[in-house]
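These notes concern the structure reproduced below.
The values are calculated or read from the model by the stated rules, or taken from the named source; none is laboratory data. Bear in mind that the values here come from a model prediction, so they are computed numbers and not experimental data. Neighbour counts are summed over all protein chains in view; Cβ atoms, including those assigned to glycine, are modelled from backbone coordinates with ideal geometry.
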Amino acid sequence: MPYCDVGTNQATDDAHLNNEIKIFYRTYGHGPTKVLLIIGLAGTHDSWGPQIKGLTGTVLPNEDDSGDADWSSPDQRCGDDNESGGGIEVCAFDNRGMGRSSIPTKKSAYTTKIMAKDAIALLDHLGWKKAHVFGHSMGAMIACKLAAMVPHRVLSLALLNVTGGGFECFPKLNRQTFSIAYRFFKAKTPELRAAVDLDTHYSKEYLEEYVGNEKRRTILYQQYVKGISTTGMQSNYGFEGQVNACWRHKMTRCEIESIKSGGFLVSVIHGRFDVIAQIYYARRLAERLYPMARMLDIFGGHLVSHERTEQVNQALLDLIKASEVKMKPKDWTNLPKKTTWWTEKRTLCLSPNVQTGGSVSIKCCILEKLHVFLIFLFSLLILVFDHGRKLLKSTVNPARVASSPS
């Protein structure tokens, strides 16, 4: 199986032979167009399955390819109408702390910048000088860091269900999210984890749809339980490390300018019913990337790439094609011209409300500040709860369970 040693850039068949960090990856499809897929927190490379299929026409990894596939066939290859005249090769990998990649035990080994360096090392290992970089959730944060660090190696950037990190990672404060958080901390079995994952990943409408005689929730629940039982729950080291990376993530003004200086197009794709990453923060990030970015608001939840596969795949292919024909940013963006912070706030607080015909008062600014304060308070409570849980564990001294990849 293919591994990339991010320390020495050497491949090996075993990710646990030494203390070096090794990243497990797989490639799919063939062609001159290269796409790097970066998955989010607690996800593995195969979480990109619907996009791998949509971009390459196959879910069979290249190392398992017998070599008999006809990649000139439209069924086996996407992108035949690309300007480059070739197909698409995709690479998806497990981030450190998850799946078959190494699991560092120190939180300090997990930041989006460090994980972006892992991805850059993987590009070097593959011999890809440039690639389209697509990330989901935490993976989109990592993709932002990568694009800021090596903008000359990015052909385009797709950010799915992304936020700016830190307190922006916290969901809206309502009964649903409190219920999800409570159930998540109690989920110690594949069955409990699968149940909470469904409510976290998908919109309620999607789960309640019937597929034949069964609700989609029932079908997906069985799939999730099987998947989690097969791969195992994510280790505490990996989960806490990746959460730490999200919490510490921040895109500075200098990094945003570095991305914009790269000249490549950006697509920010978000499910409007995402209970994890609020669409408000995704839109704000897109506006910071104006005029390079386009914002796509799609009906769906956090895993909109699975819930609305055809729409997302088409958006990704549109991004690739627009990049290849060198579309100008002004023709790509669908965002209004960026304004100053003061103008934006003044417009928000004082302009008429078109939808209601009423007048939006200064209360909206106060409510926004109150919302930020409540999110901060909620995050503080979670930290206190986590500290208390660890303290309780240390006092009762439970037996250690071996970590297993998810």
Under 6 Å between Cβ atoms, which residue pairs at least 6 apart in sequence (or on different chains) link something in the stretch 215-226 that is farther than 16 Å from residue 204 by Cβ with a partner that is acidic (Asp, Glu)?
224/197; 225/191
Filtered residues of the stretch 133-152 (kept if within 12 Å of the chain's Cα centre (by Cα), of a type outside the set (Val, Ile, Thr) and closer than 18 Å to residue 289 by Cβ):
134, 135, 136, 137, 139, 140, 141, 143, 144
Quick check on residue 312: is it modelled with pLDDT of 95 or more, in a helix (DSSP H, G or I), under 18 Å from the mean Cα position of the chain (by Cα) and assigned by TED's automatic domain parsing to the domain that holds residue 49?
yes
Would you call residue 137 polar (S, T, N, Q), in contact with a Lys or Arg (Cβ under 9 Å, 6 or more places away or on another chain), under 25 Å from residue 240 (Cα atoms) and crowded, with 24+ Cβ neighbours inside 10 Å?
no
So in the stretch 241-289, with the set limited to residues that are among the hydroxyl-bearing types (Ser, Thr, Tyr) and outside any loop (DSSP other than H, G, I, E, B), which one is farthest from residue 169 (Cα to Cα)?
261
Of the numbered conditions (1) modelled with pLDDT under 95; (2) in a helix (DSSP H, G or I), residue 50 satisfies every one except a single condition; which is it?
(1)
Within the stretch 187-196, is there a residue that is of a type in the set (Ser, Thr, Tyr) and either touching a Leu at 6+ places or on another chain (Cβ under 9 Å) or touching a residue at least 60 places away in the same chain (Cβ under 8 Å) (or both)?
no
Quick one: in the stretch 185-227, of everything that is in a loop (DSSP other than H, G, I, E, B) and out of contact with any helix residue (DSSP H, G or I) (no Cβ under 7 Å at 6 or more places or on another chain), which residue is surrounded by the most Cβ atoms within 10 Å (Cβ to Cβ)?
189
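Yes/no matrix, rows are residues, columns are (1) touching a Ser or Thr at 6+ places or on another chain (Cβ under 7 Å); (2) of a type outside the set (Lys, Arg); (3) within 14 Å of residue 239 (Cα to Cα):
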position	(1), (2), (3)
97	no, yes, yes
102	no, yes, yes
109	no, yes, yes
129	no, no, no
141	yes, yes, no
150	no, yes, no
Looking at residue 267 and the list (1) more than 15 Å from the chain's Cα centre (by Cα); (2) in the same structural domain as residue 133 (by TED's automatic domain parsing); (3) among the polar types (S, T, N, Q), which single condition is not satisfied?
(1)
Can you go through 11, 109, 15 and tell me which one is modelled with pLDDT under 95, more than 23 Å from residue 129 (Cβ to Cβ) and surrounded by fewer than 24 Cβ atoms within 10 Å (Cβ to Cβ)?
15
If you take the residues of the stretch 295-315 that are in contact with a Leu (Cβ under 8 Å, 6 or more places away or on another chain) and surrounded by 23 or more Cβ atoms within 10 Å (Cβ to Cβ), which of them is nearest to residue 152 (Cα to Cα)?
312
Counting just the residues of the stretch 153-178 that are outside any loop (DSSP other than H, G, I, E, B) and free of Cβ contacts under 8 Å to residues at least 12 places away in the same chain, which one comes out farthest from the chain's Cα centre (by Cα)?
175
Within the stretch 109-128, residues acidic (Asp, Glu) and under 19 Å from the mean Cα position of the chain (by Cα) come out as 118
Return the pair list, or none, for Cβ contacts closer than 9 Å from residues in the stretch 24-42 that are assigned to a loop (DSSP other than H, G, I, E, B) to residues that are charged (D, E, K, R) and modelled with pLDDT of 95 or more, at least 6 apart or on different chains.
29/89; 30/89; 31/89; 32/89; 39/94
Residue 230 fails exactly one of (1) assigned to a strand (DSSP E or B); (2) modelled with pLDDT under 90, namely (1)
